[in-house]
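Chemist: Sharing a structure, written as structure tokens. Questions coming.
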Amino acid sequence: MTTLRRALTWLLACSLSYAGLMQGAQAAMIGTDEAAASAAAAPGNAQAMAGSAQARLIALLQRDDVMAALRERGVSPDEARARVAALSDREAALLAEQVDAVPAGGTDFLGAAVFIFVLLLITDILGFTKIFPFTRSVR
């Protein structure tokens, strides 16, 4: 019985630690006038970069992982390419700038490590595990 309880405790700890690493994504449609206003206020936004920004966005949509993510969310990759082609130069430059500014993985390693430490500390205090020598079990 103790072995089963210990195995379930480790399974729960691993599951919760993995759940802390996942992050949700949010997306919303923005109006053209709102995008144009923020593009006008953005520093370093040149017209020469706009044509290359649209090409970069099209190249990004050609990647297999991006196409799979679009299909998973019910968006046709052809429709996404058509929408990028319909963007104005300023909108394309703004969108490309936002894509470049977003962190690639977006994970918070320090937060996950603190969460795992606290989780193991609590299970140690409750007597389910014996990992840290400085804790005393309540049992």
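Throughout, read-outs are computed from the coordinates displayed, never taken from laboratory work. This is a predicted model, so every value here is computed, not measured. A quick note on method: Cβ atoms are made from the backbone with ideal geometry, for glycine too, and the neighbour counts reach across all protein chains shown.
Chemist: Which order do peptides 113-124, 4-15, 89-100 fall in by mean Cβ count within 10 Å, highest first? All intermediate terms of the calculation are to be shown ahead of the outcome.
Modeler: Values: 113-124: 14.8, 4-15: 11.9, 89-100: 18.4.
My ranking of the peptides, most packed first, is 89-100, 113-124, 4-15.
Chemist: Continuing with this model, one more query. How about segment 54-83: which trypsin sites (Lys or Arg not before Pro) there lie in a loop by DSSP and see at most 14 other Cβ atoms within 10 Å?
Modeler: On the way: sites: 56, 63, 71, 73, 81, 83; in loops: 63, 73.
Taking segment 54-83 and a limit of 14 other Cβ atoms within 10 Å, the loop trypsin sites (Lys or Arg not before Pro) found are 63, 73.
Chemist: Still on this model: What size of dipole, in debye to the nearest 20, comes out for segment 45-102 about its Cα centre when the only charges are +1 on Lys and Arg C-beta atoms and -1 on Asp and Glu C-beta atoms? If you can, show how the numbers build up before the last one.
Modeler: Numbers: 7 positive and 9 negative charges, 14 e Å.
That gives segment 45-102 a dipole magnitude of about 60 debye.
Chemist: To continue, here is another question. Length gain on complete extension for the stretch residue 99 to residue 15, per 0.36 nm per residue less the alpha carbon to alpha carbon distance? Let's see the in-between values first.
Modeler: Values: separation 84, 0.36 × 84 = 30.24 nm, distance 3.07 nm.
Full-extension gain reported as 27.2 nm.
Chemist: Apply the Karplus parameterisation 6.51 cos²θ - 1.76 cosθ + 1.60, with θ equal to phi minus 60°, to every residue of segment 7-17 and state each ³J(HN,Hα) to the nearest whole Hz, in sequence, with x for glycine and proline.
Modeler: Going residue by residue, I get 5, 5, 5, 5, 4, 5, 4, 5, 5, 5, 5 Hz, with x marking Gly and Pro.
Chemist: Hey, another quick one. Expected output is a single nm value to one decimal: the length gained when fully extending between residue 52 and residue 33, i.e. 0.36 nm times separation in residues minus the C-alpha distance. What is it? Could the numbers behind the result be given before it?
Modeler: Working: separation 19, 0.36 × 19 = 6.84 nm, distance 2.19 nm.
Net length gain for the segment: 4.7 nm.
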